[in-house]
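Each reported figure results from applying straightforward, stated rules to the coordinates on display, with no laboratory input. The model shown is predicted, which means the values in this text are computed figures rather than measured ones. Please note: Cβ atoms are built from the backbone with ideal geometry, for glycine as well, and neighbour counts cover all protein chains shown.
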Amino acid sequence: MLRRFSKTFFSCTAPRAALVAACAAGAAFWAAPARASLPIEHWQQASGARVYLVRSPSIPMLDVQIDFDAGLRREPREKIGLASAMANLLSKGVLAHGQEGALDENSITEAWVDLGASFGASAGADRLSFSLRSLTEPDLLSKAVALAARQLGEPAFPAHVWQRERQRYIADLKESYTRPANVSGRAYIKAIYGDHPYGHEMTEQTLQQITTEDMRRYYQTHVGACRARVSLVGAIDRPRADALVSQLLARLPQGPCGPGASLPAIAEVQPLTQAAEVRIPFKAAQARVLIGQPGFKRSDPDFFALTVGNYILGGGGFVSRLTRQVRELRGLTYSVYSYFSPGLHAGSFTIGLSTRPDQADEAVGVARQVLREFVDLGPNEQELREAKQSLISGFVLRLDSNARLLENVANIAWHDLPLDYLNTWTGHVERLTTAEIRAAFARKLQPDRMVTLVLGASP
């Protein structure tokens with residue numbers, strides 16, 4: 001959905017065959033078993049920027065992610081969509097500076113194509129992120145960093161382009177109103193989060209309120225070197241990484257870093273006080289069901305117990321309890337799942353499924369019963385043993401490319417996780433007991449105080 005995520009990337013192609021091959025390779029990382037540990041180097045620059053580096057010397061490639069506390073949770077209530085729109089326009093123009101001429105969107109795209117590199121911006125619920133990928137050949141990397149620094153620090157936010165993009169956003173919104181997944185998702189997050197920013201939705205009205213001056217002001221207020229968390233994975237050492245980060249951030253606004261410039265606190269998501277049922281008429285072949293409540297923050301000490309427990313409940317595909325009870329034993333759905341979505345605030349816990357409209361009530365009843373029994377009794381020893389084996393054996397896939405490793409390192413940086421988090425992950429999973437999982441679920445979930453949304457069911 002547009003409100004949740006906006007992303008712009010430039011081509012990873014180049015006129016030289018070697019560069020094209022390197023981009024297509026996807027920056028493959030070393031085989032994880034070949035290393036006993038995964039060291040993350042961390043330091044803070046004089047500007048206040050916090051830097052996290054993992055050296056990956058296997059191929060001459062570098063991936064960088066820069067995160068700021070400028071996601072949708074910071075948007076003004078009447079201008080929801082501002083962060084996403086701003087991220088989009090960061091690729092549409094760069095201001096002139098000194099001897100450097102202005103660049104329009106076509107010139108920017110062509111420049112990245114010529115470099116065989118990519119740069120993009122995205123806005124999520126909690127953060128505004130920038131991503132750079134380039135080969136580490138000195139001349140190419142130097143040019144890529146210089147171009148990225150200009151886009152980071154000197155965006156033009158052209159008004160005529162926003163007029164065009166706003167109409168595209170509105171057209172996409174109108175089209176999304178015809179899709180059951182979007183209609184149900186929109187109503188569900190509103191019921192879960194209430195008036196918390198996680199529940200705010202971009203609309204035609206909020207888009208009409210957004211101007212390019214709003215984008216400049218939001219950018220000046222929220223983006224600055226002192227607030228940057230920079231994660232790097234690639235064939236680069238610490239001195240070179242430090243210089244690269246300094247160059248990337250050198251042109252950023254200085255305003256956010258002054259005395260008294262800390263961002264205001266945001267209230268936490270409020271727990272539900274009672275059950276709620278939402279029925280939405282919708283002509284569709286399948287009824288969509290969503291059941292859930294606010295869950296937990298990423299910093300919660302129950303994270304591992306809830307992650308492993310959810311794998312057993314509904315996150316493990318065909319081996320999960322929900323699949324066994326709702327699909328295999330009763331044939332009520334093709335797919336049923338559950339997940340937690342923790343962030344800086346308590347993200348939702350959700351059970352989701354689709355079923356024939358005349359079976360929706362039965363499917364809801366079975367899913368609720370499975371959840372209730374899991375919260376009351378927890379998993380059994382065999383379920384936990386099999387979940388541990390599957391999760392631990394699959395953990396290597398989280399680290400099998402520079403891009404996936406960068407995602408993990410950026411999450412460590414964003415959530416202030418221990419630097420040895422990836423090295424100790426399997427140990428945390430191995431030590432879990434059924435009692436710990438049962439206790440964690442009992443603390444976090446209240447099956448009798450959940451939202452149940454059904455879209456398209458027979459009356």
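Among 414, 112, 425, the ranking by other beta carbons within 10 Å of each residue's beta carbon, starting with the fewest, stands as 425, 414, 112. Residues in the stretch 120-137 carry Karplus couplings, in order, of x, 10, 8, 10, x, 4, 9, 9, 9, 10, 10, 10, 10, 10, 7, 5, 9, 4 Hz; the curve used is 6.51 cos²θ - 1.76 cosθ + 1.60 with θ = phi - 60°, and Gly or Pro positions show x. Taking all C-alpha pairs of the stretch 207-334, those more than 24 Å from each other amount to 66 percent. Using the charge dipole of the stretch 276-455 (Lys, Arg: +1 at Cβ; Asp, Glu: -1 at Cβ; taken about the Cα centre), state which of 339, 284, 353 has its Cα farthest towards the positive end. Selected residue: 284. Using the Karplus relation 6.51 cos²θ - 1.76 cosθ + 1.60 with θ = phi - 60°, the per-residue 3J(HN,Hα) values for the stretch 216-233 come to 4, 5, 4, 5, 4, 7, 10, 10, x, 4, 5, 9, 7, 10, 10, 10, 10, 9 Hz, with x marking Gly and Pro. Simple point charges give the picture: +1 on the Cβ of Lys and Arg, -1 on the Cβ of Asp and Glu, and for the stretch 6-257 a dipole about the Cα centre of about 420 debye. The ranking of 97, 222 by Cβ neighbour count inside 10 Å, starting from the fewest, reads 97, 222.
Debye-formula intensities of the stretch 87-192, expressed as log10 I(q)/I(0) at q = 0.09, 0.13, 0.14, 0.21 Å⁻¹, are -0.34, -0.63, -0.70, -1.12 (one equal scatterer per alpha-carbon, no solvent). Distant-in-sequence amide contacts of residue 269, defined by a placed amide H-H separation under 5 Å and a gap of 5 or more residues or a different chain, comprise 346. If you count Lys pairs in the chain whose Cα atoms are under 26 Å apart, skipping same-chain pairs closer than 8 places in sequence, the total is 20. Here the residues 417, 207, ranked from fewest to most Cβ neighbours within 10 Å of their Cβ, fall in the order 417, 207. Most simply put, the chain has about 80% antiparallel DSSP beta bridges, counting only bridges with both residues inside it.
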